[in-house]
Amino acid sequence: MDAVFSWRKAGAVDLPECLKLHPAKNGAEIVGGARALEAWRQLFDMTYATRSALIERQRNGTTEIVGFGFAAFVKKSFADAEVRHPQPGLNARIIASVVNGKSVIATYDEVREANTSRDLQQVILDTSWKDTHLSPAERDEVRVLLGLAYLELHAGYRFSRILVEMVDEVDLWHVRGHRSFEVVDRFEAYRRANPDTTWNPECALLAVTVETMRNDPHSIAATLFHHHLDPQFAFTRAEQELLEAALEGTDDASASKSLFVSLPAIKHRWKTIFERVAAVKPELCPQDGNGTRGIQKRQRILTYVRNHPEELRPFDCRKSSGRTR
(Lines give C-alpha, C1' and ligand atoms only; values in the text may rest on other atoms or scores of the structure.)
Protein backbone atom coordinates (compact mmCIF):
# COMPACT_ATOMS: atom_id res chain seq x y z
CA MET A 1 0.00 0.00 0.00
CA ASP A 2 1.29 3.46 -0.91
CA ALA A 3 2.18 5.73 1.97
CA VAL A 4 -0.03 8.73 2.72
CA PHE A 5 1.60 11.93 3.97
CA SER A 6 -0.12 14.75 5.85
CA TRP A 7 0.81 17.64 8.12
CA ARG A 8 -0.57 18.94 11.38
CA LYS A 9 0.49 21.37 14.05
CA ALA A 10 3.10 19.90 16.35
CA GLY A 11 2.60 19.84 20.09
CA ALA A 12 4.92 19.57 23.06
CA VAL A 13 4.05 15.88 23.36
CA ASP A 14 5.58 15.34 19.90
CA LEU A 15 8.87 17.03 20.78
CA PRO A 16 11.06 14.03 21.72
CA GLU A 17 10.28 12.29 18.44
CA CYS A 18 10.60 15.47 16.36
CA LEU A 19 13.96 16.46 17.82
CA LYS A 20 15.42 13.07 16.91
CA LEU A 21 15.13 13.90 13.20
CA HIS A 22 18.19 16.19 13.18
CA PRO A 23 19.88 16.40 16.62
CA ALA A 24 22.35 19.02 15.39
CA LYS A 25 19.46 21.52 15.34
CA ASN A 26 18.35 20.91 18.94
CA GLY A 27 20.45 23.78 20.30
CA ALA A 28 21.70 21.79 23.28
CA GLU A 29 25.37 22.68 22.92
CA ILE A 30 25.40 25.35 25.65
CA VAL A 31 22.88 24.07 28.22
CA GLY A 32 22.78 20.32 27.64
CA GLY A 33 20.08 18.01 26.36
CA ALA A 34 17.72 17.92 29.36
CA ARG A 35 17.52 21.68 29.81
CA ALA A 36 17.29 22.20 26.06
CA LEU A 37 14.26 19.91 25.91
CA GLU A 38 12.58 21.90 28.66
CA ALA A 39 13.34 25.12 26.77
CA TRP A 40 11.74 23.68 23.65
CA ARG A 41 8.62 22.89 25.68
CA GLN A 42 8.55 26.51 26.84
CA LEU A 43 8.86 27.66 23.24
CA PHE A 44 5.80 25.61 22.33
CA ASP A 45 3.83 27.50 24.97
CA MET A 46 4.76 30.82 23.35
CA THR A 47 2.05 30.47 20.71
CA TYR A 48 2.06 34.20 19.95
CA ALA A 49 5.66 33.93 18.72
CA THR A 50 6.24 30.33 17.60
CA ARG A 51 4.75 28.09 14.92
CA SER A 52 5.47 24.45 14.24
CA ALA A 53 4.33 21.59 12.05
CA LEU A 54 5.11 17.94 11.67
CA ILE A 55 4.68 15.57 8.75
CA GLU A 56 3.23 12.11 9.35
CA ARG A 57 3.49 9.09 7.09
CA GLN A 58 0.71 6.53 7.29
CA ARG A 59 1.54 3.12 5.89
CA ASN A 60 0.43 -0.42 6.65
CA GLY A 61 -1.68 0.72 9.57
CA THR A 62 1.12 2.64 11.30
CA THR A 63 1.74 6.37 11.65
CA GLU A 64 5.26 7.77 11.83
CA ILE A 65 6.62 11.32 12.21
CA VAL A 66 8.94 11.88 9.25
CA GLY A 67 9.24 15.67 9.11
CA PHE A 68 9.34 18.64 11.48
CA GLY A 69 9.48 22.41 11.16
CA PHE A 70 9.72 25.07 13.86
CA ALA A 71 10.14 28.85 13.67
CA ALA A 72 10.05 31.68 16.20
CA PHE A 73 9.76 35.44 16.08
CA VAL A 74 12.73 37.00 17.87
CA LYS A 75 13.60 40.42 19.18
CA LYS A 76 14.97 42.73 16.50
CA SER A 77 18.01 43.54 18.64
CA PHE A 78 18.92 39.85 18.70
CA ALA A 79 18.52 39.40 14.95
CA ASP A 80 20.58 42.53 14.28
CA ALA A 81 23.36 41.29 16.58
CA GLU A 82 23.44 37.89 14.89
CA VAL A 83 23.95 39.52 11.49
CA ARG A 84 26.54 42.04 12.76
CA HIS A 85 28.57 39.42 14.64
CA PRO A 86 27.87 36.07 12.98
CA GLN A 87 29.10 32.91 14.66
CA PRO A 88 27.96 29.28 14.79
CA GLY A 89 25.33 28.22 17.31
CA LEU A 90 22.27 30.33 16.49
CA ASN A 91 19.82 27.76 17.88
CA ALA A 92 21.99 27.14 20.92
CA ARG A 93 21.96 30.83 21.84
CA ILE A 94 18.19 31.00 21.52
CA ILE A 95 17.71 27.90 23.67
CA ALA A 96 20.21 29.18 26.27
CA SER A 97 18.38 32.51 26.47
CA VAL A 98 15.15 30.72 27.37
CA VAL A 99 16.89 28.54 29.96
CA ASN A 100 18.65 31.53 31.54
CA GLY A 101 15.48 33.60 31.82
CA LYS A 102 16.69 36.19 29.31
CA SER A 103 14.66 35.04 26.35
CA VAL A 104 15.35 36.57 22.96
CA ILE A 105 11.93 35.40 21.76
CA ALA A 106 9.72 38.40 20.99
CA THR A 107 6.96 39.17 23.48
CA TYR A 108 3.35 39.42 22.33
CA ASP A 109 3.56 43.23 22.31
CA GLU A 110 6.80 43.09 20.32
CA VAL A 111 5.25 40.74 17.77
CA ARG A 112 2.26 43.06 17.44
CA GLU A 113 4.43 46.16 17.03
CA ALA A 114 6.74 44.49 14.51
CA ASN A 115 3.86 43.01 12.54
CA THR A 116 2.15 46.41 12.38
CA SER A 117 5.33 48.09 11.13
CA ARG A 118 6.22 45.26 8.70
CA ASP A 119 9.40 44.49 10.64
CA LEU A 120 8.98 40.93 11.91
CA GLN A 121 12.22 39.08 12.57
CA GLN A 122 12.09 35.30 12.55
CA VAL A 123 14.50 32.43 13.07
CA ILE A 124 13.73 29.04 11.55
CA LEU A 125 15.16 26.69 14.15
CA ASP A 126 14.35 23.41 12.46
CA THR A 127 13.33 21.99 9.11
CA SER A 128 14.11 18.28 9.19
CA TRP A 129 12.98 14.93 7.84
CA LYS A 130 13.93 11.27 8.15
CA ASP A 131 16.39 11.34 5.32
CA THR A 132 17.45 7.68 5.54
CA HIS A 133 13.91 6.34 5.88
CA LEU A 134 12.41 8.03 2.83
CA SER A 135 12.69 7.42 -0.88
CA PRO A 136 13.72 10.43 -3.00
CA ALA A 137 10.10 10.93 -4.06
CA GLU A 138 8.88 10.68 -0.46
CA ARG A 139 11.56 13.12 0.68
CA ASP A 140 10.38 15.61 -1.92
CA GLU A 141 6.79 15.19 -0.75
CA VAL A 142 7.77 15.84 2.87
CA ARG A 143 9.70 18.96 1.86
CA VAL A 144 6.73 20.26 -0.13
CA LEU A 145 4.37 19.65 2.78
CA LEU A 146 6.71 21.41 5.20
CA GLY A 147 6.74 24.40 2.87
CA LEU A 148 2.97 24.46 2.52
CA ALA A 149 2.54 24.12 6.29
CA TYR A 150 4.95 27.00 6.89
CA LEU A 151 3.07 29.26 4.50
CA GLU A 152 -0.32 28.43 5.97
CA LEU A 153 0.87 28.93 9.54
CA HIS A 154 2.43 32.31 8.71
CA ALA A 155 0.01 33.72 6.15
CA GLY A 156 -1.06 37.24 7.10
CA TYR A 157 2.15 38.15 8.94
CA ARG A 158 4.43 40.97 7.72
CA PHE A 159 8.04 39.81 7.56
CA SER A 160 11.19 41.85 7.33
CA ARG A 161 13.84 39.15 7.80
CA ILE A 162 14.17 35.40 8.30
CA LEU A 163 17.39 33.89 9.64
CA VAL A 164 18.36 30.24 9.57
CA GLU A 165 21.60 28.43 10.32
CA MET A 166 22.52 25.63 7.96
CA VAL A 167 24.30 23.01 10.03
CA ASP A 168 25.84 20.96 7.21
CA GLU A 169 26.26 20.76 3.44
CA VAL A 170 23.05 18.74 3.09
CA ASP A 171 21.16 21.67 4.60
CA LEU A 172 22.83 24.05 2.17
CA TRP A 173 22.14 21.80 -0.80
CA HIS A 174 18.42 21.90 -0.11
CA VAL A 175 18.24 25.71 -0.36
CA ARG A 176 20.40 26.03 -3.47
CA GLY A 177 18.32 27.41 -6.26
CA HIS A 178 16.17 29.49 -3.92
CA ARG A 179 17.10 32.99 -5.00
CA SER A 180 15.51 34.58 -1.94
CA PHE A 181 18.16 33.06 0.36
CA GLU A 182 21.47 34.85 0.76
CA VAL A 183 24.50 33.58 2.63
CA VAL A 184 25.25 36.06 5.40
CA ASP A 185 28.37 34.31 6.63
CA ARG A 186 30.19 30.96 6.37
CA PHE A 187 31.94 31.68 9.69
CA GLU A 188 35.47 31.68 8.23
CA ALA A 189 36.54 34.63 10.41
CA TYR A 190 35.12 32.93 13.49
CA ARG A 191 37.04 29.72 12.75
CA ARG A 192 40.27 31.63 12.16
CA ALA A 193 39.85 33.34 15.53
CA ASN A 194 38.81 30.07 17.18
CA PRO A 195 40.86 27.31 15.51
CA ASP A 196 39.91 24.75 18.15
CA THR A 197 36.15 25.21 17.70
CA THR A 198 34.05 22.05 17.60
CA TRP A 199 31.32 23.58 15.47
CA ASN A 200 30.79 21.87 12.15
CA PRO A 201 32.91 23.72 9.53
CA GLU A 202 30.02 23.35 7.06
CA CYS A 203 27.76 25.68 9.08
CA ALA A 204 26.49 28.89 7.51
CA LEU A 205 24.10 31.69 8.40
CA LEU A 206 21.46 32.43 5.75
CA ALA A 207 18.86 35.18 5.52
CA VAL A 208 15.75 36.05 3.56
CA THR A 209 14.86 39.73 3.52
CA VAL A 210 12.54 42.12 1.73
CA GLU A 211 15.42 42.93 -0.60
CA THR A 212 16.44 39.33 -1.38
CA MET A 213 12.83 38.31 -1.92
CA ARG A 214 12.77 40.74 -4.86
CA ASN A 215 15.15 38.28 -6.54
CA ASP A 216 12.40 35.68 -6.39
CA PRO A 217 9.17 37.67 -6.84
CA HIS A 218 7.16 34.67 -8.03
CA SER A 219 7.92 32.62 -4.93
CA ILE A 220 4.80 31.62 -3.03
CA ALA A 221 6.57 32.96 0.08
CA ALA A 222 6.71 36.47 -1.39
CA THR A 223 3.37 37.35 0.20
CA LEU A 224 5.06 37.19 3.61
CA PHE A 225 7.23 40.16 2.61
CA HIS A 226 5.01 42.05 0.16
CA HIS A 227 1.36 42.70 -0.76
CA HIS A 228 0.16 43.30 2.79
CA LEU A 229 -3.35 44.38 3.74
CA ASP A 230 -4.49 45.84 7.04
CA PRO A 231 -7.01 43.88 9.11
CA GLN A 232 -10.46 45.39 9.27
CA PHE A 233 -12.07 44.08 12.43
CA ALA A 234 -9.51 44.73 15.19
CA PHE A 235 -10.22 41.39 16.85
CA THR A 236 -8.83 41.06 20.35
CA ARG A 237 -6.18 38.45 21.11
CA ALA A 238 -8.82 36.28 22.80
CA GLU A 239 -11.14 36.54 19.82
CA GLN A 240 -8.32 35.63 17.44
CA GLU A 241 -7.51 32.56 19.52
CA LEU A 242 -11.12 31.41 19.35
CA LEU A 243 -11.30 31.98 15.60
CA GLU A 244 -8.10 30.03 15.03
CA ALA A 245 -9.45 27.16 17.10
CA ALA A 246 -12.72 27.20 15.16
CA LEU A 247 -10.84 27.14 11.86
CA GLU A 248 -9.22 23.90 13.01
CA GLY A 249 -12.66 22.39 13.60
CA THR A 250 -12.71 22.84 17.38
CA ASP A 251 -16.21 23.07 18.87
CA ASP A 252 -17.13 25.41 21.71
CA ALA A 253 -16.82 22.79 24.44
CA SER A 254 -13.34 21.78 23.29
CA ALA A 255 -12.31 25.41 22.82
CA SER A 256 -13.38 26.09 26.39
CA LYS A 257 -10.91 23.47 27.61
CA SER A 258 -8.03 24.33 25.31
CA LEU A 259 -8.32 28.08 25.93
CA PHE A 260 -8.89 27.62 29.67
CA VAL A 261 -12.09 29.67 29.84
CA SER A 262 -15.69 28.83 30.68
CA LEU A 263 -18.22 27.85 28.05
CA PRO A 264 -20.28 31.04 28.73
CA ALA A 265 -17.09 33.03 28.09
CA ILE A 266 -16.71 31.29 24.72
CA LYS A 267 -20.31 32.18 23.85
CA HIS A 268 -19.64 35.79 24.85
CA ARG A 269 -16.57 35.91 22.60
CA TRP A 270 -18.66 34.80 19.65
CA LYS A 271 -21.18 37.52 20.46
CA THR A 272 -18.48 40.21 20.42
CA ILE A 273 -17.03 38.77 17.21
CA PHE A 274 -20.46 39.02 15.56
CA GLU A 275 -20.80 42.60 16.74
CA ARG A 276 -17.36 43.62 15.43
CA VAL A 277 -17.96 42.08 12.03
CA ALA A 278 -21.50 43.48 11.72
CA ALA A 279 -20.23 46.98 12.43
CA VAL A 280 -17.68 46.84 9.58
CA LYS A 281 -19.11 44.36 7.08
CA PRO A 282 -22.80 43.87 7.86
CA GLU A 283 -23.23 41.64 4.82
CA LEU A 284 -21.08 39.01 6.54
CA CYS A 285 -23.08 39.07 9.74
CA PRO A 286 -26.70 40.14 9.11
CA GLN A 287 -29.12 40.63 11.95
CA ASP A 288 -31.09 37.61 13.15
CA GLY A 289 -34.32 39.14 11.84
CA ASN A 290 -33.69 37.76 8.35
CA GLY A 291 -33.42 34.22 9.62
CA THR A 292 -29.63 33.97 9.75
CA ARG A 293 -28.66 31.71 12.62
CA GLY A 294 -25.51 31.88 14.72
CA ILE A 295 -23.95 28.86 13.04
CA GLN A 296 -24.42 30.48 9.64
CA LYS A 297 -22.78 33.67 10.85
CA ARG A 298 -19.85 31.65 12.14
CA GLN A 299 -19.35 29.91 8.83
CA ARG A 300 -19.42 33.20 6.92
CA ILE A 301 -16.88 34.75 9.28
CA LEU A 302 -14.63 31.68 9.26
CA THR A 303 -14.65 31.59 5.47
CA TYR A 304 -13.68 35.25 5.43
CA VAL A 305 -10.80 35.00 7.91
CA ARG A 306 -9.52 31.85 6.22
CA ASN A 307 -9.10 33.95 3.09
CA HIS A 308 -7.86 36.97 5.06
CA PRO A 309 -5.46 35.55 7.69
CA GLU A 310 -4.21 39.04 8.56
CA GLU A 311 -7.36 39.29 10.71
CA LEU A 312 -5.86 36.65 13.02
CA ARG A 313 -2.44 38.23 13.50
CA PRO A 314 -1.37 40.67 16.23
CA PHE A 315 -1.84 44.18 14.87
CA ASP A 316 -2.21 47.67 16.29
CA CYS A 317 -5.09 49.15 14.32
CA ARG A 318 -4.32 52.58 15.76
CA LYS A 319 -1.24 52.58 13.49
CA SER A 320 -3.01 51.30 10.41
CA SER A 321 -1.36 52.09 7.09
CA GLY A 322 -4.76 52.44 5.49
CA ARG A 323 -4.29 49.60 3.00
CA THR A 324 -7.70 47.95 2.93
CA ARG A 325 -9.65 45.82 0.51
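The values are calculated or read from the model by the stated rules, or taken from the named source; none is laboratory data. Values in this document were obtained by computation on a predicted structure and should not be read as measured data. Heads up, the Cβs are rebuilt from the backbone with ideal geometry, glycines too, and the neighbour counts pull from every protein chain shown. Areas reflect the complete protein model, heavy atoms only, side chains present, ligands, DNA and RNA absent. Shrake-Rupley method; radii C 1.70, N 1.55, O 1.52, S 1.80 Å.
Of the solvent-accessible surface of segment 1-45, computed with a 1.4 Å probe over protein heavy atoms with every protein chain present, carbon and sulfur atoms account for 56 percent. Per residue, the solvent-accessible area of segment 169-249 (1.4 Å probe, heavy atoms of protein chains only, all protein chains present) comes to 54 Å². Once all protein chains are placed together, Thr212 keeps about 10 Å² accessible to a 1.4 angstrom probe. Over the Cα atoms of the chain, the radius of gyration divided by the Kirkwood radius equals 0.99; this is the Rg/Rh ratio. Surface composition of segment 242-318: carbon plus sulfur atoms contribute 53% of the solvent-accessible area (1.4 Å probe, protein chains only, all chains present).
For the chain, what is the calculated [θ] at 222 nm in deg cm²/dmol (nearest 500), taking -39500 (n - 2.57) for each run of four or more DSSP H residues and dividing by its residue count?
-12000 deg cm²/dmol
Seen from Asn215, the other residues with C-beta closer than 12 Å to its C-beta sum to a net charge of -1, counting Lys and Arg as +1 and Asp and Glu as -1.
Take the Cβ atoms of Lys257 and Arg192, set R0 to 51 Å, and the FRET efficiency comes out at 0.40.
Ordering 77-85, 105-113 by mean Cβ neighbour count within 10 Å, with the highest value first, yields 105-113, 77-85. The residues Ser128, Ser258, sorted by heavy-atom accessible surface at 1.4 Å with ligands and nucleic acids left out, run Ser258, Ser128 from largest to smallest. Annotation: lysines with alpha-carbon distance below 24 angstrom to Lys271 (same-chain offsets under eight excluded): Lys257, Lys281, Lys297.
Using a Gaussian network model of the chain with C-alpha springs under 10 Å, which one of Gly33, Gly89, Gly67 is most mobile by mean-square fluctuation? The residue that fluctuates most here is Gly33. Measuring spread by the Cα atoms of segment 116-181 yields a radius of gyration and Dmax of 13.6, 43 Å.
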